[in-house]
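Comments concern the structure below.
The values are calculated or read from the model by the stated rules, or taken from the named source; none is laboratory data. Keep in mind the model is a prediction, meaning the values are calculated, not measured. Here Cβ is always computed from backbone atoms with ideal geometry, including for glycine, and neighbour counts include all displayed protein chains.
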Amino acid sequence: MIDIKDLGFSYGRSKAPLFQNLDLQLSPGTICGMLGVNGAGKSTLLKLLAGLIFPGQGRCEVLCCSPGDRLPEFLADIFLLPEEIFVAPVTPATYARRYGGLYPRFDLLTYEKLLADFALPTDRKVTTYSYGQKKKFLLAFGIATNARLLIMDEPTNGLDIPGKSQFRRALINHFAPERSILISTHQVHDLQGLIDSVIVIAGGRILLHSPMDALAARLQVQVEQRVPDDALYAHETLEGFRVLRVNTSGVDAELDLETLFGFATSGSARLQQVLAAGAQAGETLTGDRP
Amino acid sequence: MSTFHWPRFRRVFLNDLQQQWRKIWISSLALAGVVLVAYLTNLDPHLGARPEIYAALFPAILLGAGLPFTSTIFSDLHHPLQRFHYLTLPCSNLERFVSRYLLTGPLLILYAFIAYAAFDFIASVIATGLTGRSAAPFAPLDPRIVEMTSSYVQLHALMLLGAIFFRSYSLPKTLIAGAVIGFGLVAVQLITVRLVFWEYFATIIPSESVQAVRLLIVPMPLVAGLMTLLYLWVLYVAYQCLREHEVQGEL
């Protein structure tokens, strides 16, 4: 689905490279969350995947195509939902006719069903919608395109509480093994329980890329009143310390993404040890060495 | 992998047309008003010959409306929000380019001819009813009209390139860039003549080399051929600019 090898990129020749020798592979049938602080390079990576900017060096292939070629067959197979969105000043029906017609596998029934699920008024121009409604509308359109890769940047920004659960439901209900969804966000709680793999990116490097179940088998997060000696990472919350440690219980538990992100970006050398241990155990944990 | 698919191109073109429809409609109404005002204010009942209003008005309208229209046709390519939508629509760069080229070039010229002829006729009827006189009817094949239309075709290619290349204020920037390049070419031409025919000039005043350039006899077919090549080259560069356009800034 996504195959990036030795990717290099910088905004202008005089500027420091944002990515150097970046490697990333993503298989079909994955809902992947991409986490990173501001300026980590998440949006740049999404733009590279969508063919909006071109790599300076290395290979960037998405769906066996070079995104920068912007071939129509490739563009019909991806859908990008940016953080700041544009919609044409037309009704949903006209929108589907104008732009849905360019996607060979556009499914009008799915589109109409999702609009109904999201309770979006179909008799009004899309530009009169609120920000959250516009996001829901574009999500409905994106899913209905039946594109094999959905790329979303902060998709839950501006969504109300029911909207967030509708968002999760829509993604899960319309997910298929041949599809992949890449979600970049700061709202880690919105991804909890939704994603099946995670990428943590910082300073233009991928610190962590792993299936969630492999991580859950290796690590666990517990709330404790003090930081134990065997803690890999801990951060303070109102209820106590969220402590990340090696999972010795033998039972996979859901990992708290915020704690995992904190651990991955803490610069701790123990991340590499855990990854190495996981790799020795045959798990597909990967991460760039600092 | 096909880069030009007729049904898809048709959809892209219709989208572009529908996107620009409001502009075209408002411009058409403005054109009707301008033609009528020009007729009513330029027909003197006491004059003998019928004035050829179209000779000045049509080129002014074509250039005055067509070039600004062309300069804004790729505004969504540079708009912070629209560019993501535009560049990720599943169509080829060639389809994107040809659609907007046709819309602002050949089809706009055709539309201008038809609309002007219609408004010219209506204004003539109204002016005859009010003043008892009418202007000479619009003659699309008048050499002055043909010459100005071919000028528009050349300038349109430049403006299309500017619309893709410049992120903002593409009209003034393209005009300035065009003027600078034009003056540069003339200067190079004059200096070259001055240097090549050094012994024939007593001074370095360029007026002598202007005379010399004028003496050069270049066959018209060659000039036309060179102009066509230049035109195609500018269009090719514009297409390449679109193909290699990258989105800077945040998503």
- Could we say that A:Pro104 is farther than 25 Å from A:Leu63 by Cα and either modelled with pLDDT under 95 or acidic (Asp, Glu) (or both) here? no
- Item | Residue in segment B:19-62 that is surrounded by the most Cβ atoms within 10 Å (Cβ to Cβ), counting only those that are more than 19 Å from B:Val153 (Cβ to Cβ) and among the aromatic types (Phe, Trp, Tyr) | B:Tyr39
- Item | From A:Ala176, A:Ala147, residue being in a loop (DSSP other than H, G, I, E, B), at pLDDT 90 or above and more than 14 Å from the chain's Cα centre (by Cα) | A:Ala147
- Message: Tell me whether segment A:191-203 contains one or more residues that are assigned to a helix (DSSP H, G or I), under 24 Å from the mean Cα position of the chain (by Cα) and modelled with pLDDT of 80 or more.
- Response: yes
- Residues in segment A:153-168 that are touching an Asp or Glu at 6+ places or on another chain (Cβ under 9 Å) and in contact (Cβ under 8 Å) with a residue 40 or more places away in the chain total 5
- Message: For a quick check of your reading of the model, give me the residue pairs whose first member lies in segment A:41-70 and is under 17 Å from A:Ala147 (Cβ atoms), whose second is among the acidic types (Asp, Glu) and not in a strand (DSSP E or B), with beta-carbon atoms closer than 6 Å and at least 6 apart or on different chains.
- Response: A:Leu63/A:Asp77
- Message: Tell me yes or no: at least one residue of segment B:95-102 is farther than 24 Å from B:Asp16 by Cβ and buried (at least 17 other Cβ atoms within 10 Å of the Cβ).
- Response: no
- Determine whether A:Arg70 is at the interface with another protein chain (Cβ under 9 Å from one of its Cβ atoms), over 20 Å from the mean Cα position of the chain (by Cα), among the basic types (Lys, Arg) and on the phi > 0 side of the Ramachandran plot. yes
- Sort through B:Ala60, B:Ala56 and tell me the only one that's part of a helix (DSSP H, G or I), more than 14 Å from chain A (Cβ to nearest Cβ) and either touching a Cys at 6+ places or on another chain (Cβ under 8 Å) or farther than 29 Å from B:Ala238 by Cα (or both). B:Ala56
- Task: Report the residue count in segment A:82-97 for those that are of a type in the set (A, V, I, L, M, F, W, C), at the interface with chain B (Cβ under 9 Å from one of its Cβ atoms) and touching a residue at least 40 places away in the same chain (Cβ under 8 Å).
- Result: 2
- Note on the structure: Scanning segment B:63-85 for residues that are within 14 Å of another protein chain (Cβ to nearest Cβ) and surrounded by 21 or more Cβ atoms within 10 Å (Cβ to Cβ), the one farthest from B:Val146 (Cα to Cα) turns out to be B:Phe84
- Message: Residues that are in a loop (DSSP other than H, G, I, E, B), closer than 30 Å to A:Phe74 by Cβ and either modelled with pLDDT under 90 or within 14 Å of chain A (Cβ to nearest Cβ) (or both): does segment B:4-22 have at least one?
- Response: yes
